[in-house]
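Notes follow once the structure below has been shown.
The values are calculated or read from the model by the stated rules, or taken from the named source; none is laboratory data. Bear in mind the structure is a predicted one, so any value in this text is a computation, not a measurement. Neighbour counts are summed over all protein chains in view; Cβ atoms, including those assigned to glycine, are modelled from backbone coordinates with ideal geometry.
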Amino acid sequence: MIGYSITAGGQSMPPTFGSEPRLAPNPHAWAVPADKEAPFVLDISSSSVAANKIQLLRRMESMTIPGLMADEQGTPIMDERPVPEETILLPNGATRELGSHKGYGLSAVAQVFAGILSHGTFGPYEGGHMSHFVAAYSIEAFTDVARFKSSMDDFLKYLRETPPAPGHDRVYYAGLPEHEESIDRHNRGIPLQKEVVDWFDKTTAEFDIPHLER
């Protein structure tokens, strides 16, 4: 099976040329199996960066980089500066010249499929209400499954064997870095920021449950 899912709802991202948020960074995700290669898994936000990455920048007291956020008038922030208090994300592409209409379009399509198609809402939402769209495609309805997986192996190998550009060690495909990272973290554990560890310690003590293993 090939999986495809969308989540939509809320408003933290303005349309291209817009001065206020009317959409969310609605994500699309696809998962495609292979045979011997790691599966192709693409999970992308419609915005230049996911909102949790902005939260991480704040937590680490880092600067925002150009093209991630808009100011309170909806103007793209194209210089390095402290992270604004209000999170206003930009469509993927940041500006019209760099293709923000594509991220804007992806977000709108997500709202249609995940929201409007099933009589869901758009715009402001309350209580964390979100809309979802999930589809599963039967590979055998199109072709032989074993042949498909073998072809996926050939395709993914073809991508990752691309000669790297100067300054880069290797070429990846979607899902490969995460697959390798999951193996590493299974063996070595999950790194956490000090603030997160402190929160876990405080919460586990409050509810009298075991602390995180160090």
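Considering only residues of the stretch 197-210 that are surrounded by 11 or more Cβ atoms within 10 Å (Cβ to Cβ) and without any contact (Cβ under 8 Å) to a residue 12 or more places away in the chain, which is farthest from Glu61 (Cα to Cα)?
The qualifying residue farthest from Glu61 (Cα to Cα) is Thr204.
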Selection from the stretch 142-153 of residues under 19 Å from Trp30 (Cβ atoms) and in a helix (DSSP H, G or I) yields Val145, Phe148, Lys149, Ser151, Met152, Asp153
Which of (1) closer than 30 Å to Gly10 by Cα; (2) in the same structural domain as Gly9 (by TED's automatic domain parsing); (3) out of contact with any Phe, Trp or Tyr (no Cβ under 6 Å at 6 or more places or on another chain); (4) surrounded by 11 or more Cβ atoms within 10 Å (Cβ to Cβ) is the odd one out, the single condition Met152 does not satisfy?
(1)
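Residue-by-condition table, conditions (1) surrounded by fewer than 15 Cβ atoms within 10 Å (Cβ to Cβ); (2) more than 28 Å from Val197 (Cα to Cα); (3) not assigned by TED's automatic domain parsing to the domain that holds Ile183:
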| residue | (1), (2), (3) |
| --- | --- |
| Ser19 | yes, yes, yes |
| Phe40 | no, yes, yes |
| Ala51 | no, no, yes |
| Arg59 | yes, no, yes |
| Thr64 | no, no, yes |
Residues that are assigned to a helix (DSSP H, G or I), within 27 Å of Met60 (Cβ to Cβ) and of a type in the set (D, E, K, R): does the stretch 156-174 have at least one?
no
Give the residue that is nearest to Arg58 (Cα to Cα), with candidates limited to residues of the stretch 175-195 that are part of a helix (DSSP H, G or I) and in contact (Cβ under 8 Å) with a residue 24 or more places away in the chain.
Glu195
Kindly check whether there is at least one residue in the stretch 23-34 that is closer than 28 Å to Ala141 by Cβ, among the aromatic types (Phe, Trp, Tyr) and outside any loop (DSSP other than H, G, I, E, B).
yes
Can you tell me which residues in the stretch 131-141 are buried (at least 16 other Cβ atoms within 10 Å of the Cβ) and either modelled with pLDDT under 95 or β-branched (Val, Ile, Thr) (or both)?
Ser131, Ile139
Working carefully through the options Leu68, Leu89, Leu23, Leu98, find the one that is modelled with pLDDT of 90 or more, more than 14 Å from the chain's Cα centre (by Cα) and either crowded, with 19+ Cβ neighbours inside 10 Å or not assigned by TED's automatic domain parsing to the domain that holds Asp153 (or both).
Leu23
Tell me the residue from Ile44, Ile54 that is under 18 Å from Arg81 (Cα atoms) and of a type in the set (Val, Ile, Thr), please.
Ile54
Would you confirm, using the coordinates I've provided, whether Asp144 is closer than 21 Å to Pro39 by Cβ and surrounded by 11 or more Cβ atoms within 10 Å (Cβ to Cβ)?
yes
